[in-house]
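Take a look at the structure below.
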Amino acid sequence: MLNKNLTDYSVFGFAKFKMNETATTEKMLEASLQWQRSFLGPIDGVGFHSLLSNMKGEFADIIFFENQSAFERMHEQYSEADSSRALLSLINPESIVLRSGKILQDGFQPPETFGCIEVGFMTVENKKLIGQPQVLAQSERMESAYLSKTPNTLSHVIGQTSDVDFCEITFGHSLAETREVCFGYLKNDQCLGFLQLFDEKHSEFDFWVPVA
């Protein structure tokens with residue numbers, strides 16, 4: 001894992017993918033570490049990266065950037081790096097799903113250690129009535145009434161990928177506890193209020209553990 005402990009992050013990137021038929025988990029871990037150390041690490045403003053895996057055997061890269069300029073530097077230099085090409089050679093290109101956006105809270109920092117990340121992508125139910133202020137306000141109510149009272153929760157942040165699309169990222173101690181906390185949303189009024197802002201048919205939630 002890469003963690004430069006920068007004081008604030010304003011942009012995130014999340015890339016989900018599957019290995020191709022010739023790859024192995026061992027090769028994926030080695031290639032990801034090399035990419036992290038030789039490519040991501042030296043880029044100013046790239047402060048955090050972890051390779052994640054879920055219970056379906058998929059992988060994901062999560063990256064936090066100090067600003068949009070850092071994200072653009074990474075994007076521009078990506079294809080030129082040998083370590084990027086080595087990593088891509090292990091990935092099924094048709095499986096890649098890339099998302100990026102702005103972090104809505106000031107002063108966000110990922111925790112030093114964690115055992116699981118819950119990542120959710122959601123689309124608002126009615127874009128004329130629901131936007132960034134409503135999503136943030138309900139997220140703050142949920143944090144106060146529920147998430148802050150669960151010992152598993154290490155950090156919680158909201159991102160936005162378009163005018164109508166948002167992202168929820170929750171860091172927890174363990175996969176089992178983070179799943180328990182997430183499914184507990186259905187028993188808490190403030191959490192239900194948050195979920196009801198979004199179109200259930202266009203919501204995607206999953207749980208990821210760090211592997212590199």
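The values are calculated or read from the model by the stated rules, or taken from the named source; none is laboratory data. Source: prediction; values computed, not measured. Neighbour counts are summed over all protein chains in view; Cβ atoms, including those assigned to glycine, are modelled from backbone coordinates with ideal geometry. Surface accessibility is based on the protein's heavy atoms, side chains included, excluding ligands, DNA and RNA. Shrake-Rupley method; radii C 1.70, N 1.55, O 1.52, S 1.80 Å.
Scan region 168-190 and tell me whether some residue there is open to solvent by 60 Å² or more (accessible area, probe 1.4 Å), closer than 30 Å to THR25 by Cβ, part of a strand (DSSP E or B) and of a type outside the set (Val, Ile, Thr). Checking region 168-190: not a single residue is open to solvent by 60 Å² or more (accessible area, probe 1.4 Å), closer than 30 Å to THR25 by Cβ, part of a strand (DSSP E or B) and of a type outside the set (Val, Ile, Thr). Working only within region 116-126, note down all residues that are open to solvent by 20 Å² or more (accessible area, probe 1.4 Å) and either under 20 Å from GLU180 (Cβ atoms) or without any contact (Cβ under 8 Å) to a residue 24 or more places away in the chain (or both). Selection gives ASN126 alone.
Given the residues LEU129, LEU154, LEU136, LEU98, which is the only one that is open to solvent by 20 Å² or more (accessible area, probe 1.4 Å) and in a loop (DSSP other than H, G, I, E, B)?
On the way: LEU154 fails: in a loop (DSSP other than H, G, I, E, B); LEU136 fails: in a loop (DSSP other than H, G, I, E, B); LEU98 fails: in a loop (DSSP other than H, G, I, E, B).
Just a single option satisfies the conditions, and that option is LEU129.
Of everything listed in (1) touching a residue at least 40 places away in the same chain (Cβ under 8 Å); (2) under 27 Å from PHE59 (Cα atoms); (3) out of contact with any strand residue (DSSP E or B) (no Cβ under 8 Å at 6 or more places or on another chain), the single unmet condition for GLY184 is (1).
Taking the criterion of being farther than 14 Å from PHE194 by Cβ and of a type in the set (A, V, I, L, M), the residues of region 106-165 that qualify are ILE117, VAL119, LEU129, LEU154, VAL164. Here the condition is being within 26 Å of GLN109 (Cβ to Cβ) and free of Cβ contacts under 8 Å to residues at least 60 places away in the same chain; of ASN54, ASN67, it holds for ASN67 alone. Scanning region 19-39 for residues that are among the hydroxyl-bearing types (Ser, Thr, Tyr), surrounded by fewer than 17 Cβ atoms within 10 Å (Cβ to Cβ) and touching a helix residue (DSSP H, G or I) at 6+ places or on another chain (Cβ under 9 Å) returns a single hit, SER38.
For region 40-58, residues that are open to solvent by 10 Å² or more (accessible area, probe 1.4 Å), of a type outside the set (A, V, I, L, M) and either closer than 29 Å to GLU26 by Cβ or modelled with pLDDT under 95 (or both) total 7.
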